[in-house]
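K.L.:
For reference, the structure I am asking about is given below.
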Amino acid sequence: MNTVSGTRLNTQLRTFLLLAGLTGLLVAIGGILFKGPGLVLFAGIAIVMNFASYWWSDKMALRMSGAQPLAEGDDPRLHAIVRDLAQRAELPVPRLYVIPQEQPNAFATGRNKQHAAIAVTAGLRRHMPEDQLTGVLAHEFAHIKNRDILIQSIGAMIAGVISAIATFLQFQFLFGGDDDDSPLGMVGALATMILAPLAASLLQLAVSRQREYLADATGARIMGRTEPLASALETLARGTQVFPMKVNPAAEALFIVNPLHGAGVANLFATHPPLEERIARLRALAV
């Protein structure tokens, strides 16, 4: 087994374990809040969520980001670049979407390579030179090739539900609740409010960080060069500082760079590895 294949296998195994951890965390929350019946209820919720994510993850991700279909007549050059990269990557040509946001960014989604889609922001097309744009698209093709797109969507969906549960509990704790609740039950609810979103963020962070490094390396190999993607990451880093982007935090992990970069304490639990490290690894890579 070569180094790249070994790295991919190791990452796939680690991702499976981390997604299992997210699902287990959701089931554990049900057990804490509702005892025995909660375990069954939340296990059922987790199964339904994973099933729904398989079939509709692309639609949910595209809707959350406000992406709109991009017809070939509206941007024939971008469609030509995507067709060329699909041929190089030996993948079907994905559907193309545009997100009406000025921040340069992009993501890939879909349940498999036959049903994949790539969404780019209007700012990516407007502010990025073509060689860097091609590097960004190659990175997204790498996510499709490495089967990351479904995994990231499921992780984002489960993490979002866990955060929503914690928010609901905070509301209940502040404005309602049964006076007869036991102290132990209150402690469990408080622990869930505080620790569950943190644990979900850390698990999602570990899923995404490993996959971003691998997608960078795979994308560079698709292009046959590392510099276009390395330079693109530098441009994207500047773009996130200059152009704020409104995005559902649950979808943050899908993008090539964190669209919420610099957003206060949230940046401590960003799902992306440091851009400086990604760039350094790319420039040290032999392709």
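K.L.:
Can you tell me which residue among SER53, SER65 is modelled with pLDDT of 75 or more, in contact with a helix residue (DSSP H, G or I) (Cβ under 7 Å, 6 or more places away or on another chain) and among the small types (Gly, Ala, Ser)?
P.N.:
Working: SER53 fails: modelled with pLDDT of 75 or more.
Selected residue: SER65, the only one of SER53, SER65 that is modelled with pLDDT of 75 or more, in contact with a helix residue (DSSP H, G or I) (Cβ under 7 Å, 6 or more places away or on another chain) and among the small types (Gly, Ala, Ser).
K.L.:
Considering each of ALA116, ALA106, ALA89 in turn, give the residue that is closer than 21 Å to PRO259 by Cβ and either in contact (Cβ under 8 Å) with a residue 60 or more places away in the chain or among the acidic types (Asp, Glu) (or both).
P.N.:
Working: ALA116 fails: either in contact (Cβ under 8 Å) with a residue 60 or more places away in the chain or among the acidic types (Asp, Glu) (or both); ALA89 fails: closer than 21 Å to PRO259 by Cβ.
Unique residue meeting the criteria: ALA106.
Every residue, every condition in (1) open to solvent by less than 10 Å² (accessible area, probe 1.4 Å); (2) modelled with pLDDT of 95 or more, yes or no:
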{"residue": "ALA71", "(1), (2)": "no, yes"}
{"residue": "ASP74", "(1), (2)": "no, yes"}
{"residue": "HIS79", "(1), (2)": "no, yes"}
{"residue": "ASN112", "(1), (2)": "no, no"}
{"residue": "ASN146", "(1), (2)": "yes, no"}
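K.L.:
Still on this structure, please answer the following. Just checking, does the range 172-188 include any residue being of a type in the set (A, V, I, L, M, F, W, C), open to solvent by 20 Å² or more (accessible area, probe 1.4 Å), at pLDDT 60 or above and closer than 24 Å to ALA138 by Cβ?
P.N.:
No; the residues of the range 172-188 include none that is of a type in the set (A, V, I, L, M, F, W, C), open to solvent by 20 Å² or more (accessible area, probe 1.4 Å), at pLDDT 60 or above and closer than 24 Å to ALA138 by Cβ.
K.L.:
Do we find a residue being under 19 Å from the mean Cα position of the chain (by Cα), modelled with pLDDT of 70 or more and either more than 22 Å from GLN114 (Cα to Cα) or open to solvent by less than 20 Å² (accessible area, probe 1.4 Å) (or both) anywhere in the range 6-20?
P.N.:
Yes: one or more hits.
K.L.:
Let me ask something else. Among the numbered conditions (1) open to solvent by 30 Å² or more (accessible area, probe 1.4 Å); (2) at pLDDT 95 or above; (3) within 22 Å of the chain's Cα centre (by Cα), tell me where THR235 comes up short.
P.N.:
For THR235, the failing item is (1).
The values are calculated or read from the model by the stated rules, or taken from the named source; none is laboratory data. Because the structure is a prediction, the values reported are computed rather than measured. Every residue, glycine as well, gets a Cβ built from its backbone with ideal geometry; the counts of neighbours run over all protein chains shown. Surface areas here come from the heavy atoms of the whole protein model, side chains and all, with no ligands, DNA or RNA. Shrake-Rupley method; radii C 1.70, N 1.55, O 1.52, S 1.80 Å.
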